[in-house]
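Right, one structure below, let's go through it.
The values are calculated or read from the model by the stated rules, or taken from the named source; none is laboratory data. These numbers were taken from a predicted model, which means no experiment stands behind them. Ideal geometry is used to build each Cβ from the backbone, glycine not excepted, and the neighbour counts take in all protein chains shown. In case anyone asks, the SASA skips ligands and DNA or RNA and just uses the protein heavy atoms, side chains included. Shrake-Rupley method; radii C 1.70, N 1.55, O 1.52, S 1.80 Å.
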Amino acid sequence: MSDPKSSRHGSSSQAFALIPKPCNLQCKDFQEYLRTRNADTLEKLYNYPTICLAVYRELPEIARQFVIRILFVEQPVPQAVVTSWGSQHYAKEQAGATSCLSELNVWRVTAIPGGLSAWELCPTFKKNLKIALLGGGRPWSMSHTMEKDSKPRDIAFLDQYAMSRWRCVLYYMVGTGGTNKGQDNEVISPDAVIILLHANLMKRDEAGITITRQGFQFLLLDTQSQVWHFMLQYLDTCEERGLSLPECLSMLFQLSFSTLGRDYSSEGMSPKMLTFLQHLREFGLVFQRKRKEGRFYPTRLALNITNKVAIAPTIVADEEKVQEGGYIIVETNYRVYAYTDSPLQVAVLGLFTELLYRFPNLVVGVLTRDSVRQALRGGITADQIISYLEQYAHPSMKFTESAIKSKSPLPPTVVDQIKLWELERNRFTYTEGVVYNQFLSQADFVTLRDYAQSIGVLVWQNERTRTMVVTKNGHDDVKKYWKRYSKSGGQ
């Protein structure tokens, strides 16, 4: 702390961090993932046309327009010219697109004669995006033609295989798979366990390997988001396995651009890529009869893996058909009836309910304070519980009088009680900030407090003790204001 007597108007400030809340699951999209990579890594990634094409597809619409308009221009384009391409009504969107392209190192600022600033595409990205759009370059490692498969696999089989393998991972997470086993005694691979531990979806303790709060939240994601998050964690560990990140990401996007139901050849792949292919096989992204067979089929899990807005049919299993129609009934006495025989759905329901009875196609449970608080301690929020129950509510619940009035199929008393149980735990708000105290006069304190309040960075204040707390981000502004105020003699 600085000495308050060092100047006529002294105050002291001290940074402090209260105990942070446990981290929630951070699900990054493709752009957010690339922003965490440094410029050298992005340059290596842009050496692959498939990655350039994937980046281009994920850009905002205005950014895609900018890229395609200057893709075939062989000289830098003045920034003023690029700005003139959009209406002033969309200046905010245009600024966002410009920032996105700069953060992803797709284009960069350069000077042109006359001292003007201009945009030019990254040469590596420009070259390989042209190859992806117009053809040319080296053929893809999985695009070799081969003889017709004597025992072809249809789409229905691939969908069933993919979900069987992926559910094996989910069963293991909720503990219904035993030791490294999923449903139907399917064994989860050691690589999958390593990734679950690395992603902090599971943890190793005295009781063995157990699920974490992030793991609870992971189970409530849709399948596509689960697979993408899982593969991002795999990519974080691929170099530790002796694999190349650019090569793995390039092959992942080759699979993303493939045709469902068509077989591809693995001939010509390097030994490292064959290892990566076997890992994808274990996760359900590709089907291959035998490890050494030179033929494989991409599954629907690998198609459009990053494109969340892609209009593509999803895998529909028997239990998912039940989910689409809704299978959960919640009564005002907190009883929950789930018409399902899926071990995974029962396990997810058991995360926040106390299961009472189980029949061949019906599970009965009850929402209790202890069961909900246990889920809250595990990282699931009240909104997630309510959203899950609403999403899979039985059709008969959606036409009740209370559902029509409240626009929610759940009884209002149940919704309110779940939120109240959460509020019991959220009595404190944790904020990282900077404390100011030891003011020499009340006027100094009031002046600085009012300024912090005017710019929206004041967290807490006590006029009697002349103490205030501002946010960490607002500390610099408050500090600069205090210096100006002190130099002016409090005028």
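Taking every DSSP helix (H) stretch of at least 4 residues in the chain, weighting each as -39,500 (n - 2.57) and dividing the sum by the residue count yields a mean residue ellipticity at 222 nm of -13500 deg cm²/dmol.
Packing here is the average count of other Cβ atoms within 10 Å per residue, and on that basis the peptides 85-97, 161-173, highest first, run 161-173, 85-97.
The stretch between residue 373 and residue 149, if pulled fully straight at 0.36 nm per residue, gains 75.2 nm over its current Cα-Cα span. Do the alpha carbons of any pairs in 130/272; 127/272; 92/483; 92/407; 130/151 sit beyond 29 Å of each other, and which pairs? Pairs exceeding 29 Å: 92/483; 92/407; 130/151.
With a 1.4 Å probe and every protein chain kept in, tell me what percent of the accessible surface of the chain is carbon plus sulfur. Its accessible area is 51 percent carbon and sulfur atoms. For residue 51, the solvent-accessible surface computed with a 1.4 Å probe is close to 0 Å², ligands and nucleic acids excluded. The 3J(HN,Hα) values that the Karplus relation (6.51, -1.76, 1.60; θ = phi - 60°) gives for the range 106-123 are, in residue order, 6, 9, 8, 7, 9, 9, 10, x, x, x, 7, 8, 9, 9, 9, 5, 4, x Hz. Gly and Pro appear as x. Note on residue 81 and residue 133: the model spin-label points, each 7 Å out from Cα along the C-beta direction, lie 1.6 nm apart.
For Rg and Dmax of the Cα atoms in Å, the value calculated from this model appears in (i) 22.5, 71; (ii) 28.2, 90; (iii) 24.0, 75 under label (ii).
Close amide H pairs (under 5 Å, H built 1.01 Å from N) link residue 299 with 286, 287, residues at least 5 positions away or on another chain. The 3J(HN,Hα) values that the Karplus relation (6.51, -1.76, 1.60; θ = phi - 60°) gives for the range 149-158 are, in residue order, 5, 6, 10, x, 9, 7, 5, 4, 5, 5 Hz. Gly and Pro appear as x. Surface exposure of the chain, expressed per residue as accessible area with a 1.4 Å probe, stands at 53 Å².
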